[in-house]
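A short worksheet on the structure shown next.
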Amino acid sequence: MRYPIAIEPGTDTTAWGVVVPDLPGCFSAGDTLEEAMIQAEEAITAWVEVAIDSGESIPKPSPLETLRTAHPEFEGWVWALVKVDPAMLDETVERVNISLPRRVLHRLDDLARRAGETRSGFIARMAIEGRAPVAPA
């Protein structure tokens, strides 16, 4: 899947700005065109992950030409397509096998139990929230 992006050319003193018209509020920038496009990929990934975690739907990419004619405010900007890995949109549950020392597994199960969650649910929530739990005193 590829999302169209509008890129505002930078100068010696300003960054290259990027807007993703299909994803409201999704934007980024970079000191070079290449950096701007890399930052756009990261911004799209972050936007999609937040939307999925919030239960929102993900808009499909619009045809590039449709956006070019629908957004005269981007006249003079460069248009490009940024590839998005469709796997990041996949909510299919997958069984995994991990190896942990017993003491770590015991600690993990204890934290999950105190949070009222299963081991898998606890691990998933920690990954989604992007932080480790604070150890109880």
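The figures follow:
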| read-out | value |
| --- | --- |
| Hydrodynamic radius by Kirkwood, which averages 1/r over all alpha carbon pairs of the stretch 1-56, in angstrom | 11.5 Å |
| On Cα atoms only, tilt of 33-53 relative to the major axis of the chain in degrees | 50 degrees |
| Convex hull per residue volume in Å³, alpha carbons only, for the chain | 163 Å³ |
| Equivalent ellipsoid, the stretch 57-133 (semi-axes from 5 times Cα gyration tensor eigenvalues, Å) | 44, 13, 11 |
| Rounded tilt (10° steps) of 119-129 against the dominant C-alpha axis of the chain | 30 degrees |
| Rounded to 10°, Cα long-axis angle of helix 102-114 versus longest principal axis of the chain | 80 degrees |
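The numbers here are math on the coordinates, done by the rules we state, and not lab data. Predicted model, so just to flag it, every value in this text is computed and none were measured.
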